[in-house]
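Presented below is the structure to which this report refers.
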Amino acid sequence: MPTLDDILEQIGEFGFFQKKTLFVLCLLSAAFIPIYVGVIFFGLTPEHHCFSPGVAELSQRCGWSLEEQLNHTVPEWHGHGVGFSSRCRRYEVDWNATGISCTDPLYSLMGNRTTVPLDICQDGWVYDSPGTSLVTEFNLVCEDSWKLDLFQSCVNAGFFIGSMSIGYIADRFGRKLCLLATIFINAVSGVLMALVPNYTWTVIFRLLQGLVSKGGWLTGYVLIAEFVGSTYRRAVGITYQLAFSLGLLVLTALAYVIPHWRWLQLTVTLPNFFLLLTYWCLPESPRWLIAQKQNDKAMEVIKYIAKGNKKKLPLSFQSLSSEDEDGEKLKPSFLDLVRTTQIRKYTFILMYSWFTSSVLYQGLIMHMGIAAGNVYLDFLYSALVEFPAAFILMLTLDRIGRRYPWSAANLIAGGACLLTALMPDTLYWLKMASACLGRMGITMCYEIICVVNPELYPTFLRNLGVLVCSSLCDLGGIITPFLVYRLAELWHELPLVIFAVISLINGGLVLLLPEMKGKSLPETIEDAENLHR
């Protein structure tokens, strides 16, 4: 009986149909960016200080510049940055009093600047920002600053929970149904998040987006991998992720042009409704249909693909063998991920690799952000560095294989992190180049694991395997902010040393996985168990 890969060789492994499908799913990949990193722009925290009644009038009377006003009226103001006390406390004085000196107002009021009492902010804050963000609208500063962390943690918690449920749904009820449902829920939740009037409902709809968006993104990845022949899986996988990188560029440009978070949220959400049109042009995965013993429907999809590629299906491939039609349908189970020896090994190594990739990918961005640089330029650089990583993989994965470039990328990322940590700050540009090299290395790791993870699991278990393993990526996303910011208080470069250690360990573990270059996707548990032979 011919396999689906045999049939694809006849009707086109990467013809017009697959190219059209890849383009549509790349739009889905790019649309995932605002949920994954959008909080950086939605939650921008501008310079701010307590509002004190009378200060504006006094500043106008004295002819102060903004810098002079802040130096005279805000506790511990340091010009280019504000300490916690100056953000959250104010001088307890009457700025409307008569006879206040313009050269040293505090001395004229209290006689000694060091004895001026401080009070908490009672009348709100003043923000130095041309636009609005979650922080400025809901005053997520001082004692409420943790609410911004909660906002992002809800997204990662949603990713984590959704990875389990969406993966099961896609393997149990089909890729197409799952994909369309996640797109619809994500789009509706995104619009409602932009319209709700308070913080609580904003977090609720953000959590709902997290529950479905990552599962939908990975389902799209699995779907395109199942439509193409084995020789093109690497190319479509990297292209799908390049669309993710392109989404970074687009989001950065939109955030720069639209500095108001509600309008930005609507702008990046509304295009998702157009993705629902894929219902009429995107069929179900034939591999999934075959695994579910729905051979007649699988043959309809195969003929649809052949027609889209303008190829004629040979007579010898006009029907699939139906001897197993009445056999038991394979249903995915979480136990299948650990029941057999080889698949259990795949699962644990892939979980650790997803965790490592997430910690380094997000951690390096956060660590560079500690220097309080330009957020738009930082994101531009982080997006641009992903393109050479993709091109390197295009040239190596089908020539060398998956394992050795994957291990080398981990070693590059770990080595670059260690070098950056030990390099003195006086060598700024060399230190920055080393950090960018580490960023490129971990980007390569991310892209390789997205290619390899679907290749190691049988069809009926593939989506569940990808989403369960990648759930460790979300766990990494939850702990990374604490890992970076708390350890940096002990030693600024300590997070980089931790990154180096876990990445170097991962570089050794991935060599224990089977090489998948040129191999067909496994259809059964037995196929997956024999991949290492």
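Return the Rg/Rh ratio of the chain with Cα-based radii and a Kirkwood Rh. Please list the in-between numbers first.
Numbers: Rg = 27.1 Å, Rh = 25.4 Å.
Taking Rg over the Kirkwood Rh, I get 1.07.
Quick query: amide H of Thr524 versus all other amide H atoms, modeled in the peptide plane; which residues come in under 5 Å with a sequence gap of 5 or more or a different chain?
Counting only residues 5 or more places away or on other chains, the set is Thr459.
What percent do you get for the relative contact order of the chain when only Cα pairs under 8 Å and 6+ apart count? If you can, show how the numbers build up before the last one.
On the way: 795 pairs, mean separation 105.3, N = 533.
Once normalised by length, the contact order is 20 percent.
Take the alpha-carbon centre of segment 1-74, take the same for segment 246-264, and report the distance between them in whole Å.
Cα centroid to Cα centroid, the span is 5 Å.
How far, in degrees from 0 to 90, does helix 459-490 lean away from the longest principal axis of the Cα atoms of the chain, to the nearest 10?
So the helix axis and the longest Cα principal axis differ by about 20 degrees.
Could you work out the per residue convex hull volume over the alpha carbons of segment 334-532, in cubic angstrom?
Values: hull volume 22.6 nm³, N = 199.
Considering the Cα atoms of segment 334-532, their hull volume per residue is 113 Å³.
Which cross-chain or sequence-distant (5 or more) residues have an amide H under 5 Å from the amide H of Arg89, H modelled 1.01 Å from N in plane?
So Arg89 has HN proximity to Cys50.
If the limit is 26 Å between Cα atoms, which of Lys293/Lys517; Lys310/Lys517; Lys19/Lys303; Lys19/Lys345 go over it? Numbers along the way, then the final one.
Values: Lys293/Lys517 28 Å; Lys310/Lys517 28 Å; Lys19/Lys303 17 Å; Lys19/Lys345 34 Å.
Correct reply: Lys293/Lys517; Lys310/Lys517; Lys19/Lys345.
Could you give the nm distance between label points at Gln60 and Trp263, where each point is 7 Å from its Cα heading toward the beta carbon?
My value for the distance between the label points is 2.7 nm.
Go through the cysteines of the chain and tell me which have no other cysteine Cβ under 4.7 Å away.
Cys26, Cys154, Cys178, Cys281, Cys417, Cys436, Cys445, Cys450, Cys469, Cys473
Residues with amide H under 5 Å of His260's amide H, sequence separation 5 or more or different chain, H placed in the peptide plane at 1.01 Å from N; which?
Close amide H contacts, sequence-distant or interchain: Thr132.
Quick one: 3J(HN,Hα) in Hz for segment 143-152, Karplus 6.51/-1.76/1.60 with θ = phi - 60°, rounded, Gly and Pro as x.
Karplus-based 3J(HN,Hα) across segment 143-152 equals 5, 9, 5, 5, 5, 5, 4, 5, 4, 6 Hz.
Among 338-347, 165-174, how do they line up from the highest to the lowest mean number of other beta-carbon atoms within 10 Å? Show your work: numbers first, answer last.
Details: 338-347: 16.3, 165-174: 21.9.
Ranking the peptides 338-347, 165-174 by packing returns 165-174, 338-347.
What is the angle, in °, between the Cα long axis of helix 375-384 and the longest principal axis of the Cα atoms in the chain? Nearest 10 is fine, range 0 to 90.
Between helix and principal axis, roughly 20 degrees.
With every protein chain kept in the model, how would you rank Ser163, Ser65 by accessible area, 1.4 Å probe, largest at the top?
The residues order as Ser65, Ser163, largest area first.
For Lys310 and Gln122 in the same chain, what is the full-extension length gain: residue separation times 0.36 nm, less their Cα-Cα distance, in nm?
On the way: separation 188, 0.36 × 188 = 67.68 nm, distance 7.10 nm.
Gain in length upon complete extension: 60.6 nm.
What FRET efficiency, computed as 1/(1 + (r/R0)^6) with R0 = 22 Å and r the Cβ-Cβ distance, is obtained for Arg172 and Glu300, rounded to the nearest 0.05? Please report the intermediate quantities before stating the final value.
Numbers: r = 21 Å, r/R0 = 0.95.
After rounding, the FRET efficiency stands at 0.60.
Please give the contour-minus-distance gain from Val375 to Ser333: 0.36 nm per residue of separation, less the Cα-Cα distance, rounded to one decimal in nm.
Fully extending the segment from Val375 to Ser333 adds 10.8 nm.
Which of the aspartates and glutamates could a cross-linker span from Lys431 if the Cα-Cα distance has to be under 18 Å and same-chain partners fewer than 8 positions apart are dropped?
By straight Cα distance, Lys431 reaches Asp378, Glu493.
Give me the percent of the accessible area of the chain that comes from carbon and sulfur atoms, probe 1.4 Å, all protein chains in place. Don't jump to the answer; show the numbers that get you there.
Working: 15170 of 23240 Å².
Taking all protein chains in place, the chain shows 65 percent carbon and sulfur surface.
Just tell me which aspartates and glutamates come within less than 12 Å, Cα to Cα, of Lys519; anything on the same chain fewer than 8 places away is out.
Output for Lys519: Asp5, Asp398, Glu455, Asp527.
Mean residue ellipticity at 222 nm from the helices of the chain, using -39,500 (n - 2.57) per DSSP H segment of n ≥ 4 over the full residue count, to the nearest 500 deg cm²/dmol?
That comes out to -21500 deg cm²/dmol.
What ³J(HN,Hα) values, in whole Hz, does the Karplus curve 6.51 cos²θ - 1.76 cosθ + 1.60 give for segment 267-272 when θ = phi - 60°, with x put for Gly and Pro?
4, 8, 8, 4, x, 4
Convert each backbone phi in segment 435-447 into a coupling constant with the Karplus relation 6.51 cos²θ - 1.76 cosθ + 1.60 (shift: θ = phi - 60°), then list the ³J(HN,Hα) values in order as whole Hz, x for Gly and Pro.
Running phi through 6.51 cos²θ - 1.76 cosθ + 1.60 with θ = phi - 60° gives 5, 5, 5, x, 5, 5, x, 6, 5, 4, 4, 4, 6 Hz.
The values are calculated or read from the model by the stated rules, or taken from the named source; none is laboratory data. On a predicted model such as this, the values are computed, not experimentally measured, just so you know. Note that we place each Cβ from the backbone using ideal geometry, even for glycine, and neighbour counts take in every protein chain shown. We work out accessible area using only protein heavy atoms, side chains counted, and drop any ligands, DNA or RNA first. Shrake-Rupley method; radii C 1.70, N 1.55, O 1.52, S 1.80 Å.
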